[in-house]
1. From the residues in the stretch 34-89 that are among the hydroxyl-bearing types (S, T, Y) and within 13 Å of the ligand (Cβ to nearest atom), which one is nearest to I134 (Cα to Cα)?
2. Residue pairs, Cβ under 8 Å, 6 or more apart or interchain, first in the stretch 144-159 and among the aromatic types (F, W, Y), second at pLDDT 95 or above and part of a strand (DSSP E or B). List them.
3. Hey, does the stretch 144-152 have a residue that's more than 18 Å from L40 (Cα to Cα), aromatic (F, W, Y) and more than 15 Å from the chain's Cα centre (by Cα)?
4. Which condition number in (1) of a type outside the set (F, W, Y); (2) surrounded by fewer than 16 Cβ atoms within 10 Å (Cβ to Cβ); (3) at pLDDT below 95 is the one that G21 fails?
5. Take the stretch 211-229 and flag every residue that is hydrophobic (A, V, I, L, M, F, W, C) and in a strand (DSSP E or B).
6. For the stretch 42-98, give me every one of the helices (runs of 4 or more DSSP H) that falls completely inside it and has 3 or more residues that are assigned by TED's automatic domain parsing to the domain that holds R116.
7. Which pairs have Cβ atoms under 9 Å, sit 6 or more apart or on different chains, and link a residue in the stretch 83-106 that is closer than 25 Å to Y183 by Cβ to one that is in a loop (DSSP other than H, G, I, E, B) and of a type in the set (V, I, T)?
Amino acid sequence: MSEELAEVVVLTGAGISAESGVPTFRGAAGLWRTYRPEDLATLDAFRRDPTLVWEWYDWRRGLIARCAPNAAHRTLAEMEQTIENFVLITQNVDGLHQRAGSRHVLELHGNLWRMRCTMEGIVVEDYRVPLPSIPPRCECGALMRPDVVWFGESLPAEVMSAAYAAVQRCRLMLVVGTSGVVYPAAALPQLAHQCGAYVVEFNVERTPLSLYADEVILGPAAVELPRWWAALISSGKFSTAS
Ligand code: OAD
């Protein structure tokens, strides 16, 4: 492997799953009924009306279950297989990276295929669609909540520190399909830039993160990311035989 590619970090957001059919948060299709994600993805909303919040998650789980990973997800899974020091960080909770074959994913915002007991904190995987009863309850009788990070909540500390460490060491960072407005995730490309990494952004439009990118590749990630990867391989800068 060439020296320039010794450390590669990728940060993904909802845009990478757009061509799989998963609505982005800030796009026109991001609304469910009349609610914005900011109205439902909070502990307050859950305390006020757990049934409503779970109905939203049940709808999203159903939608995502019918979606398949796309060529961008698959490219990242292939990069993980090929690059020795490769770290994939995602803000997505849809699990599509894992379904595409990525084995190590730093999930900053959790995963909606897991739920957590609000009393005991026990985390379980649950792939049932639709859920047989809403809101779901733990065996102990307490409410379960989605094992995701809501607005106003802290990101999982271990995941975040692994992400910071990888970003600080990396030589190349790809930023794929994120609006770059939700912190602390949005700080990661800025940090990579400050630490001297070469930053490439993939998005259908420019974002606040474009300022920190050495290259901005405009277009659908499912087209542009595989194309970029194929060009890199054929450029000879990178050898798959290593
Ligand atoms: P957003 O919905 O904010 O942004 C999606 C980004 O993807 C936008 O910049 C789009 O231009 C871009 N995009 C759309 N289609 C694309 C495509 N086919 N190819 C490439 N890019 C495309 O989603 P996130 O940035 O992921 O947090 O949002 C960040 C966080 O805000 C989410 O993780 C979630 C949300 O509220 C929590 O739930 C805590």
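1. Y57
2. Every condition considered, the pairs that remain are W150/T42; F151/T42.
3. No, the conditions are met nowhere in the stretch 144-152.
4. All conditions are met except number (3).
5. Here is the first cut: in the stretch 211-229, the ones hydrophobic (A, V, I, L, M, F, W, C) are 211, 213, 216-218, 221-223, 225, 228-229.
Of everything in the stretch 211-229, those that are hydrophobic (A, V, I, L, M, F, W, C) and in a strand (DSSP E or B) turn out to be V216, I217, L218.
6. In the stretch 42-98, the matching helices (runs of 4 or more DSSP H) lie at 43-48, 50-65.
7. Pairs found: Q91/T178; Q91/V182; N92/V22; V93/V149; D94/V22; L96/V22.
Conditions (1) surrounded by fewer than 13 Cβ atoms within 10 Å (Cβ to Cβ); (2) not polar (S, T, N, Q), marked per residue:
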{"residue": "S17", "(1), (2)": "no, no"}
{"residue": "L31", "(1), (2)": "no, yes"}
{"residue": "R36", "(1), (2)": "yes, yes"}
{"residue": "D39", "(1), (2)": "no, yes"}
{"residue": "T42", "(1), (2)": "no, no"}
{"residue": "E55", "(1), (2)": "no, yes"}
{"residue": "R61", "(1), (2)": "no, yes"}
{"residue": "A77", "(1), (2)": "no, yes"}
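The values are calculated or read from the model by the stated rules, or taken from the named source; none is laboratory data. Quick caveat, the model's predicted, so the values are computed rather than measured. Cβ: placed from backbone, ideal geometry, glycine included. Neighbour counts: every protein chain shown.
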